[in-house]
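What follows is a short report on a single structure.
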Amino acid sequence: MTKRSWLALVSLFGVLSLVGAACASSSGEGSGGGGGGEDVCAADQFGCVQIAAGAPIQLGTLQAISGDVASLGLDQVYGVELAVDYLDGAFDAAPGQLLGHDVEVLREDDLCSAEGGQAGATAYAANDQIVGVIGSSCSSAALGVADTILGDKGILLISGSNTNPGLTSAEKHQPFYFRTAHNDKIQGAIVAEFALGELGAMTAATINDESPYADGLAAAFRDNFEAGGGTITAVEAINSADTDFKSLLESIKAKGADVLYFPDFNPACALIAQQAADILPDTALIGSDGCLASTFLETAGDAADGVYASSPDLSVFQTNSFYAGEFIPAYEALVGTAPTSVFHAHAFDAANILFAAIQAVAVENADGSLSIPRTALRDALAATSGYQGITGTITCTPLGDCATDVTIGIFEAPGWPVEGGSADSASVYSSTKSLADVA
């Protein structure tokens, strides 16, 4: 399949599924000052983003792009930039346009924290040209922070890596929040399934940091491990800035654990593995996608070997000829390395479903300007159904989960599918579940 025809297929699925939800005409007959978009904008609770003739469409990214978790966020920024590059149906030096306008990608740093999420979201909320934001990297930057700040302004927030179940729960979901990442109810169930069925574990301990991501994922694992007949021997909490875990690991050793599950971020995740190598030599070590990054392999060194980590199964993505034959070479040409984390494709898909929604609802005015009604844009995105992305078929639920059938892989270091991992990076275990399976 050619480059252009692959994108055309993706766009066709997206636009056909979204057009039914669009509440605005795709063209306007007015001239100047918004022209044909005036009535649509006046009727929208949050008005329109008005893009002047010749001006770019501004797309924000809110990702962890500095510090210890930069590999997680930059990986997704590159995915968004590649989506913009591919708007003309090819990865080349001349990015395509959307409805005759360039797309400008802005960056804010979520710092993988609530404080970073607040600062970045506040900056975007003050910019009336922002059409939508791809982010955040970390659930802590979104939950009750960026999702609320941006939602209160009618600005879409679409995450490629937020996985905390609360973000799409009936109690906490914000109407302008969506994600192409999986819900950790699925990931926690599959890690427990692997520990029980493949490793034969009967006892397990967990260590999680203070983030909503780690706390929610560890809890999902514990619930499923116990439901499967296992026993949780220790539940430990740390601060993500901690560096010495020896006494905590000695305590876990005294209680006994066939498996230690620690879905934390680096460097804490790598340091736990490094220190556990001597203290818990007979305990299987399992991290998750917050840990699965180049920085883990660098920090843990030889202690990384044999450590398991769960994440979206990139082995499945490799069977997609576009991903393996075109997207990854373009990523490597842009960045100079293989992917540094595992959510680049989710960010690429997030940008593309946003582009399809914009195409469905934007009013093209006679003077060359665009009027993009914010609520209609939200409704169009929410109506996404059967969209064929790199990560699979994307169908959004009313609560913002757009990855409803998910394949999670377990990888064993050094065979991790990131820069620094071995060439053989196939998953050692893979399972597919839907949200209905874990409800």
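The values are calculated or read from the model by the stated rules, or taken from the named source; none is laboratory data. Computed from a prediction, not measured in an experiment: that's the story for all the values here. Here the Cβ is made from the backbone with ideal geometry for all residues, glycine too, and neighbour counts use every protein chain on show. These area figures cover heavy atoms from the full protein model, side chains too; ligands, DNA and RNA do not enter into them. Shrake-Rupley method; radii C 1.70, N 1.55, O 1.52, S 1.80 Å.
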Filtered pair list for the chain (Lys only, Cα < 23 Å, 8 or more apart or interchain) has a length of 4
Residue span residue 334 to residue 52: 0.36 nm per residue of separation minus Cα-Cα distance leaves a gain in nm of 98.5 nm
The farthest towards the positive end of the charge dipole of the stretch 225-309, of the residues 233, 266, 276, given +1 on Cβ of Lys and Arg and -1 on Cβ of Asp and Glu, is 233
Of the candidates 352, 71, 382, the farthest towards the positive dipole end of the chain (Lys/Arg Cβ +1, Asp/Glu Cβ -1, centred on the Cα centre) is 382
Counting only DSSP beta bridges fully inside the chain, the antiparallel percentage to nearest 5 is 40
Contact order relative to length for the stretch 352-418, counting C-alpha pairs under 8 Å separated by 6 or more residues, stands in percent at 18
Most fluctuating of 162, 224, 239 in the GNM of the chain (C-alpha, under 10 Å) is 239
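Relative contact order for the chain: what percent, with Cα pairs under 8 Å and sequence separation of 6 or more?
24
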By the C-alpha gyration tensor axes a ≥ b ≥ c (rounded if a/c is under 1.5, else prolate when a/b exceeds b/c, else oblate), the shape of the chain is prolate
Carbon plus sulfur, as percent of the 1.4 Å-probe accessible area of the stretch 248-383, comes to 48
So for the stretch 203-358, using the alpha carbon gyration tensor with a ≥ b ≥ c as root eigenvalues (a/c under 1.5 gives rounded; past that, a/b versus b/c decides prolate or oblate), I'd call it prolate
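Could you order 133, 69 by accessible surface area, starting with the largest, using a probe radius of 1.4 Å? Show your work: numbers first, answer last.
Details: 133 0, 69 20 Å².
Per-residue accessible area, sorted high to low, gives 69, 133.
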HN-Hα couplings for the stretch 131-144 via Karplus (6.51, -1.76, 1.60; θ = phi - 60°), in whole Hz with x for Gly/Pro, come out as 7, x, 10, 9, x, 8, 5, 10, 4, 5, 7, 9, 5, x
With the dipole of the stretch 227-369 defined by +1 on each Lys or Arg Cβ and -1 on each Asp or Glu Cβ, the option from 300, 325, 338 whose Cα lies farthest towards the positive pole is 300
For the stretch 240-256, Karplus-derived ³J(HN,Hα) couplings (6.51, -1.76, 1.60; θ = phi - 60°; whole Hz; x for glycine and proline) come out as 4, 8, 5, 10, 10, 10, 4, 5, 5, 5, 5, 5, 5, 4, 5, 8, x
Expected field for residue 328, accessible surface area in Å² at 1.4 Å probe radius, rounded to 10, holds 20
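Per residue, how much accessible area does the stretch 285-434 have with a 1.4 Å probe, in Å²?
Spelled out: the 1.4 Å probe surface of the stretch 285-434, per residue, equals 29 Å².
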To the nearest 10 degrees, the tilt of helix 114-125 (Cα long axis) against the first principal axis of the alpha carbons of the chain is 10
Under the 7 Å Cα-to-Cβ spin-label approximation, residue 107 and residue 223 lie apart by a distance in nanometres of 3.7
With +1 at each Lys and Arg Cβ and -1 at each Asp and Glu Cβ, the charge dipole magnitude of the stretch 153-228 around its Cα centre, to the nearest 20 debye, comes out at 380
For the stretch 378-386, Karplus-derived ³J(HN,Hα) couplings (6.51, -1.76, 1.60; θ = phi - 60°; whole Hz; x for glycine and proline) come out as 4, 5, 5, 5, 4, 8, 4, 8, x
